[in-house]
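Visitor: Here it is: the structure, laid out below.
The values are calculated or read from the model by the stated rules, or taken from the named source; none is laboratory data. Values in this document were obtained by computation on a predicted structure and should not be read as measured data. Because the Cβ atoms are built from the backbone with ideal geometry, glycine has one as well, and the counts that use them run over all protein chains shown. Ligands, DNA and RNA are excluded from the accessible area calculation, which covers all protein heavy atoms including side chains. Shrake-Rupley method; radii C 1.70, N 1.55, O 1.52, S 1.80 Å.
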Amino acid sequence: MPKPNKKEFNRESLLNQGVVFFMNQGYHGTGLQEILDAVNVPKGSFYNYFSSKEEFGAAVIQHYIEPFISRLSLHLQQSGSDALGAIRRYFDELIVELEENKFKGGCLLGSLMGEIGSTSDVCQQSLQSAIARYRDLLQSGLAQAQQQGSVRTDKTPEEMADLLINTWQGALLRMQIEKSSAPVKQCCHDLLNDFFIR
């Protein structure tokens, strides 16, 4: 695998720091100078990578969702004849990580949906795209599970994927205020071990 050049490295570093700062301080609470200082990139150089803070925010959203999509894809690829089990294992891993992080952060997408989802068209489109990519992958896994006979067929995979994402996002918010994994565990148990079951 070729080594990234300096421009690619700086862009990746900016995006990584963007995730960290937006998670901890929010979009509006984060200044570009803080991010530039964290990665030692001169202010003028920022515009070699992104045309505006909004475009940077949109890129951070896509950068943030990528590891989740990659991890869920890997689970589904290795699922054999148990796609539902793969989805359960994926969410179980996320819950363990949330517990290890003492319930801090939650989901950057959910936080940004609440903060800038209706005020920035550029970021709104990026959020819609990230959620759609994630939903489509869950939908394909649930469709596999239907074919394997483990998931009900009177609901479409798209309906179930949407319900899972929407319930998970709400459970993450409750988890943060309650400092407990109970809401996310209930979400996964009630849907993946009950409502979705054939």
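Visitor: Ranking request for peptides 144-157, 104-117: highest mean number of other beta-carbon atoms within 10 Å first, then the rest in descending order.
Guide: Ranking, from highest mean packing down: 104-117, 144-157.
Visitor: Run the paramagnetic zone check for Lys6: 7 angstrom along Cα to Cβ, then residues of the range 38-65 with backbone nitrogen under 18 Å.
Guide: The answer is 38-50, whose backbone nitrogens lie closer than 18 Å to the label point.
Visitor: On average over all directions, what projected area in square nanometres does the chain have, based on the convex hull of its Cα atoms?
Guide: Values: hull surface 49.1 nm².
It is 12.3 nm².
Visitor: By how many degrees, 0 to 90 and rounded to 10, does the Cα axis of helix 157-178 deviate from the longest principal axis of the chain?
Guide: Around 60 degrees separate the two axes.
Visitor: Give me the number: length gained by fully extending Gln25 to Ser45, i.e. 0.36 nm times residue separation minus the C-alpha to C-alpha distance, one decimal in nm.
Guide: 4.9 nm is the gain from fully extending Gln25 to Ser45.
Visitor: So for the pair Glu34, Asp190, with labels modelled 7 Å out along Cα→Cβ, what separation do we get in nm?
Guide: Each label point lies 7 Å from its Cα, and together they span 3.5 nm.
Visitor: What does the convex hull of the Cα atoms come to per residue for the range 26-143, in Å³?
Guide: 126
Visitor: Give a residue-ordered list of calculated ³J(HN,Hα) values for the range 65-72 (Karplus: 6.51 cos²θ - 1.76 cosθ + 1.60, θ = phi - 60°; whole Hz; x for Gly, Pro).
Guide: Karplus values, whole Hz, x for Gly and Pro: 6, 4, x, 5, 5, 4, 5, 5.
Visitor: When the dipole is taken about the Cα centre of the chain, and only Lys, Arg (+1) and Asp, Glu (-1) are charged at their Cβ, what size is it in debye, to the nearest 20?
Guide: Using Cβ point charges on Lys, Arg, Asp and Glu, the chain gives about 320 debye.
Visitor: Also: Per the helix-only calculation at 222 nm, which mean residue ellipticity applies to the chain, given -39500 (n - 2.57) for every DSSP H run of n ≥ 4 and division by its residues, nearest 500 deg cm²/dmol?
Guide: On the way: 8 runs with 138 residues, N = 198.
That comes out to -23500 deg cm²/dmol.
Visitor: Can you tell me how the range 118-198 classifies by the Cα gyration tensor, rounded, prolate or oblate, using a/c under 1.5 as the rounded cut? Could you put the intermediate results ahead of the total?
Guide: On the way: a/c = 3.14, a/b = 1.22, b/c = 2.57.
Since a/c reaches 1.5 but b/c is at least a/b, the shape of the range 118-198 is classed as oblate.
Visitor: While we're on this one: Simple spin-label model, 7 Å along Cα-to-Cβ: Asp82 to Ser118 in nm?
Guide: Output for this residue pair reads 4.4 nm.
Visitor: Now for a separate question. Contact order normalised by length for the chain, with contacts defined as Cα pairs under 8 Å and 6 or more residues apart; what percent is it?
Guide: Numbers: 187 pairs, mean separation 43.2, N = 198.
About 22 percent, as a whole number.
Visitor: If one computes the Cα centroid of the range 146-163 and of the range 1-78, what distance in Å separates the two points?
Guide: 34
Visitor: Per residue, how large is the accessible surface of the range 50-112? Use a 1.4 angstrom probe and give square angstrom.
Guide: So the range 50-112 comes to 44 Å² accessible per residue, rounded to a whole number.
Visitor: Still on this structure, I have one more. Taking the simple approach of a point 7 Å from Cα along Cα-to-Cβ for both Lys155 and Arg133, what is their distance in nm?
Guide: 2.6
Visitor: Let me ask you something else. Send over the Kirkwood Rh of the range 1-51, from the inverse of the averaged 1/r over different Cα pairs, rounded to one decimal Å.
Guide: Values: mean 1/r = 0.0878 Å⁻¹.
Kirkwood radius, the range 1-51: 11.4 Å.
Visitor: For Gln147 and Glu66, compute 0.36 nm times the residue count separating them, minus their Cα-Cα distance, and round to one decimal in nm.
Guide: 26.5 nm
Visitor: Amide H of Val151: which non-local residues (sequence gap of 5 or more, or other chain) have their own amide H closer than 5 Å, using H built in the peptide plane?
Guide: Excluding prolines and chain starts, which carry no amide H, the hits are Gln146, Arg198.
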